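Inspection log for the structure reproduced underneath, given as structure tokens.
Coordinate-derived values only; no laboratory data. Everything numeric here is computed off the predicted structure, so don't read it as measured data. Every residue, glycine as well, gets a Cβ built from its backbone with ideal geometry; the counts of neighbours run over all protein chains shown.
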Amino acid sequence: MAKRAAKGAVRLRLGLAVMLAFLVVLGGRLVLVQGFDVGGLAEAALSKRLQTTVLPAQRGQIVDSRGTVLATSVIRYNITVDQRLASAPDFTEIERRVDNPDGGWKIVKVSRDQALQELADALGKPVADVSAAITGDKPFNYVARNVTPDTEDRVTAVGFPGILSEGVTQRVYPNGAVGGNVVGFLGSDGSALAGIEQTQDGELTGKDGSRVYEIGADGLRIPVATDKLTEAEDGKTVRLTLNSDLQYFAQQAIQTQTNKYSAEWGIAIVMDAKTGNILAMADSNSVDPNDPGKTAAKDRGARAVSAAYEPGSVQKTLTLAALIQEGKANPLSRYTIPPTYTIDGETFADAFTHGTEQRTLAGILGYSMNTGTVMAGKELSPQQRYDWFSRFGIGQPVDVGLPGEAQGILHTPEEWDTRQQYTVLFGQGVTQSTLQTVRAYQAIANNGSMLQPRLIDAYVDKDGHTESPQAAAPTQVVSRDTAQQVKDMLESDVTEGEVKPAAIDGYRVGAKTGTSEAPREDGVPGYSGVTSSLVGMAPMEDPRFVVAVVIQRPKGDIFGIGNADVFRSVMSQALRLYNVPPSTGTPARLPQYAQ
């Protein structure tokens, strides 16, 4: 009996030992799983419960020099649903955490019908329509599109299972086509396709934020679980140098001129000679970024930088500046000019018929004489001609932050044939953009000092911190004295020469016209139509603005086509907008004929 009791006690102790060992193993396993999560099971479970909603960053604005908005973004949300969760048979109520009036919080239960009504109220839709959208077995369906952030917040607060939101951004252009070819536009997928939108995409694009929270197996948000918010970082505002009022005026003026002559296209530029700031860069047929498809693809860019063409006689100003700087001539130098002029077997003539005349250098410019320009310009060696055009920025990129910029073509002297070495003196055999021409004239206007043209004034973040792009140092192209002599000749073009229609009451004006043949565009060698231009500055006692007007392939008599009226109206508007006082001093009236 005693032996049997002893054996029972041993078996009992052995059983207890086995059970204790089992409990130790089980406890250790629980510690590993729940405490240390060696296999990552808890983390995996949590990951399955986490739901992430993207909070889209707002794309930065594009504004003009005074803060007028040219491009902005509006945040909207699409409300979506997983119908399998929203229509689950076991979904009858929602547990929601609410704050107590006296502090703390509590969990309350809301019936499915009440939650559905709250969802409909938040969306401003009939309950029946919302019920139809969430009922079914689709894993994805739209409940509402393009709702405001406030609406999205109210929808999220309801906590309806299966309801999610996706952020979308709408780009809008409040001023429509004003500056459209400069501002650019986005594609339907939000990709940047043109203009400042494209080149400054990195500055304009922000960093999306997120909202992370836990949901249960029934699709309901767990009230006291993870709820992590990462704020979105909005893109920077790009402030341009444009004046939207002047931009609008210039666009209207160049469109009227283009229509008047049934021209292919037109350009008008206004630059501040003292800063290099581009105040207006107008294209005919300007694109409305809100609906770029309504404008032909070829008209959507900024031709002021993308279209390179032979400048014609506006280039004579640079040739004569080089002659004066090299000490080869002065505005009153005398030349005997025959009806035609032949050199190295090449004969040159003028656009008007004349006999042998005694002209000053000022008179050669004032009446745009090819013969006289070649006769005077031959004193410059081919290398000097090339070097001086290069110093004025011809053949050099401008880089104002727009896509598709044309560098233009300035061949080296070794590439010039016998005729081209002389035609470059009056703007043929060389190509450049309108902005390159304006840059060269800005140097003359600014006492010989060339500034980097500026279109982007600054980047501004959401806190108002401003960063301005570093501009290149000014370049002294010609001396102050040379620049003044050239300005006197340009002013005499208006007071004594052929550009009298460019005169503005109360202001001293200097200007030069240009006409060149436009190459055919069908691949066949030869020319088709002309490019007509005018570049000028005012007021001449201390030029503030440079204005250029160009039209391509205008119809009609070449001698009857002129851009002086557009130049005059745009320049006058600029002088008024910036409150430039009327001119003082006596206008330059250099003699056009040698006595």
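With respect to the chain, whose longest principal axis is taken over its alpha-carbon atoms, helix 564-577 is tilted by about 60°. Working ranking of peptides 60-68, 482-490, 156-164 by packing, defined as the average number of other Cβ atoms within 10 Å per residue, highest first, is 482-490, 156-164, 60-68.
Local charge sum around Thr295 (other residues, Cβ-Cβ under 11 Å, Lys/Arg +1, Asp/Glu -1)? Cβ neighbours under 11 Å give a net charge of -1. As a ratio to 2.2 N^0.38 Å, the alpha-carbon radius of gyration computed for region 401-478 takes the value 1.51. Since only Ala329, Thr295, Thr319 are under comparison, the one whose Cα sits farthest along the positive direction of the charge dipole of region 235-337, derived from C-beta charges on Lys, Arg, Asp and Glu, is Ala329.
The DSSP beta bridges internal to the chain are antiparallel in roughly 95% of cases.
Within region 317-457, all pairs of alpha-carbon atoms sorted by distance into 5 Å bins from zero give the percentages 2, 9, 19, 20, 20, 14, 9, 5, 2, 1, 0.
Taking Cα centre as origin and charging only the Cβ of basic (Lys, Arg, +1) and acidic (Asp, Glu, -1) residues, the dipole magnitude of the chain rounds to 2000 debye.
Computed over all pairs of different Cα atoms, the Kirkwood value for the hydrodynamic radius of region 445-595 is 17.9 Å.
Projecting the Cα atoms of Leu361, Ser73, Thr482 onto the charge dipole of the chain, computed from C-beta unit charges around the Cα centre, puts Ser73 farthest toward the positive end. One equal scatterer on each Cα of region 508-595, no solvent, Debye formula: the resulting log10 I(q)/I(0) at q = 0.14, 0.23 Å⁻¹ is -0.64, -1.09. Descending by average beta-carbon neighbour count within 10 Å, the peptides 254-262, 166-174, 308-316 line up as 308-316, 254-262, 166-174, the highest first. Restricting the calculation to Cα atoms, region 498-546 yields a radius of gyration followed by a Dmax of 15.9, 49 Å. Normalised Debye scattering of region 73-185 at q = 0.10, 0.14 Å⁻¹ gives log10 I(q)/I(0) of -0.40, -0.65, counting only Cα atoms as equal scatterers and leaving out solvent. Taking amide H as placed 1.01 Å from N in the peptide plane, Gln476 has its amide H under 5 Å from the amide H of Met450, each at least 5 places away in sequence or on another chain.
Rounded to the nearest 500, the 222 nm mean residue ellipticity of the chain from helices alone is -9000 deg cm²/dmol, with -39,500 (n - 2.57) taken per DSSP H run of at least 4 residues.
Seen from Tyr527, the other residues with C-beta closer than 13 Å to its C-beta sum to a net charge of -2, counting Lys and Arg as +1 and Asp and Glu as -1.
Taking trypsin sites (Lys or Arg not before Pro) across region 503-536, the ones in a DSSP loop with at most 14 further Cβ atoms lying within 10 angstrom of their Cβ are Arg520. Over all projection directions, the Cα-based convex hull of region 189-332 averages an area of 16.3 nm². Taking the C-alpha atoms only, the angle from helix 316-325 to the longest principal axis of the chain is near 70 degrees. Dimensions of region 141-196 based on its C-alpha atoms, expressed as ranges along the principal axes with the largest first, amount to 46, 19, 15 Å. Phi-derived couplings, Karplus 6.51 cos²θ - 1.76 cosθ + 1.60 at θ = phi - 60°, listed residue by residue for region 399-411: 6, 9, x, 10, x, x, 5, 8, 7, x, 10, 10, 5 Hz, with x used for Gly and Pro.
Since only Pro525, Phe348, Pro587 are under comparison, the one whose Cα sits farthest along the positive direction of the charge dipole of the chain, derived from C-beta charges on Lys, Arg, Asp and Glu, is Pro525. Binning the alpha carbon pair distances of the chain at 10 angstrom intervals from zero yields the distribution 3, 14, 20, 16, 11, 9, 8, 7, 5, 3, 2, 1, 1, 0, 0, 0, expressed in whole percent. A protection proxy built from the mean count of other Cβ atoms within 10 Å ranks the segments 103-110, 285-292, most packed first, as 285-292, 103-110. Computed from backbone phi with θ = phi - 60° and the Karplus coefficients 6.51, -1.76 and 1.60, the 3J(HN,Hα) list for region 107-113 is 9, 10, 10, 10, 5, 4, 4 Hz; x is used for glycine and proline.
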